Amino acid sequence: TPASAPADTVPDAAPFGITITHPDRVIYPKSGTTKGELAAYYAQLAAPMLQWLADRPVSLVRCPQGRGKQCFFQKHDSGAFGDKVDHVAIREKKGGVEDYLVVNDEVGLLTCVQMNTIEFHGWGARASDVEHPDRMIFDLDPEEGLDFAEVRRAAVQLRDLLGEMGLASFAMASGGKGVHVVVPLDATADWPAVKDFASRFARAVAEAHPKRFTANMRKIERRNRIFLDWLRNERGATAVLPYSARARDAATVAAPITWAELDVLSDARPFTIADAARLIDRAGSRDLSDWGIARQQLPAL
Ligand code: ATP
Ligand code: MN
Ligand code: MN
């Protein structure tokens, strides 16, 4: 009888056959957002999300007690995720081999959510070719309090500088403070080549525009500037994936946007998981259907 079911298990809390336990548990204290709502968001966004998530080593931000409490960044799996999530063995820099998680389908995605994952971060390379990045990312990290108009201008300037070198790039609102400028690559160059390009490009931009950018990660160097974080582009580094929810105050989302939208964006948090329907429509819209897609190689610097 229904009366014997656990009070916090609702019938629709098994998207793609994965039972979400404690769906009524509030995981975002400020907005009152529940684990069940997060699971429903990921179930709805599965298709556009998997376009970026599948076949990629991922790290997870897991928050077993919700986002207000201790969260941890999980890079490896020693078996806790079972066989509903795929794995790829990767040689570590410091020696040895570790199993990384790979989420290839809806079942894997919802299994991670059931395991209290809020954020999905991906390598810049495919699981099937981990030594050759298929994207480069410039992560614009503004100093606390900097006017977002500065972030907008900085992202557009980066797009233009990359464009002068023949590189198409795409903007993503991080769901936090900044914008990511994403440069798809054809996966012909290896990590050392991409890291070298990213670091030299970032340093050159910071040198040419010292009032706007710094390429030095030290917080003290920021002083009203934007840290042009090129460190996402080394082997083993990750960046938050498109359509991932964020473990921030509100259940904001990392969202691909058009350059025209960036022009009028007032912060890096235009969407939350409550916007699932709109995000699905957008992902399939003409303006965004080719977002993040370009077959291109790094030019000589
Ligand atoms: P924001 O716009 O607020 O900066 P962001 O996603 O760019 O949002 P950053 O702090 O710039 O946030 O994060 C850079 C990246 O570092 C993250 O996207 C993530 O992939 C990685 N990262 C986050 N936490 C850890 C961690 N504990 N250990 C290693 N890497 C992490
Ligand atoms: Mn950032
Ligand atoms: Mn950063």
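None of the figures in this text is laboratory data; all of them are computed from the coordinates on show. A quick note: this is a predicted structure, and the numbers were derived from the prediction, not measured. Cβ sites come from the backbone with ideal geometry, for glycine too, and all protein chains shown count toward neighbours.
Rounded to the nearest Hz, the phi-derived 3J(HN,Hα) couplings of region 39-50 under the Karplus curve 6.51 cos²θ - 1.76 cosθ + 1.60 (θ = phi - 60°) are 4, 5, 4, 5, 5, 5, 8, 3, 5, x, 5, 5, where x marks glycine and proline.
Just to be sure I understand: with springs between alpha-carbon atoms less than 10 Å apart, which residue in Pro29, Pro57, Pro133 has the highest mean-square fluctuation in the Gaussian network model of the chain? It is Pro29. Taking the Cα centre of region 63-189 as origin and assigning +1 to Lys and Arg Cβ atoms and -1 to Asp and Glu Cβ atoms, the resulting dipole is close to 260 debye.
Residue order for Met172, Met136, Met217, fewest other beta carbons within 10 angstrom first, comes to Met217, Met136, Met172. Charged side chains reduced to their Cβ positions (Lys and Arg at +1, Asp and Glu at -1) give region 2-131 a dipole of some 540 debye around its Cα centre. Measuring from each cysteine beta-carbon in the chain, the ones with no other cysteine beta-carbon under 4.7 angstrom are Cys112. Taking other C-beta atoms within 10 angstrom as a stand-in for reagent exposure, Leu265, Leu298 fall in the order Leu265, Leu298, fewest first. Legend: residue pairs Lys94/Lys177; Lys35/Lys177; Lys94/Lys211; Lys30/Lys177; Lys69/Lys195; Lys35/Lys75, Cα-Cα distance threshold 26 Å; pairs beyond threshold, Lys94/Lys177; Lys94/Lys211; Lys69/Lys195. Listing Arg232, Arg286 from fewest to most neighbouring C-beta atoms within 10 Å gives Arg286, Arg232.
In the frame of its principal axes, region 184-296 has Cα extents of 41, 37, 27 Å, reported largest first. For the chain, a crude dipole built from +1 on the beta carbon of Lys and Arg and -1 on the beta carbon of Asp and Glu, taken about the Cα centre, is about 920 debye to the nearest 20. When the GluC sites (Glu not before Pro) in region 186-282 are filtered for DSSP coil states and for at most 10 other beta-carbon atoms within 10 Å of their beta-carbon, no site remains.
Translational diffusion of the chain was estimated from the Stokes-Einstein equation, with Rh taken as the Kirkwood radius over Cα pairs; at 4 °C and 1.567 mPa s the coefficient is 65 µm²/s. The amide H of Arg135, built 1.01 Å from its N in the peptide plane, has Leu185 as neighbours under 5 Å, considering only residues 5 or more places off or on other chains. Across all directions, the average projected area of the convex hull around the alpha carbons of region 2-131 is 8.9 nm².
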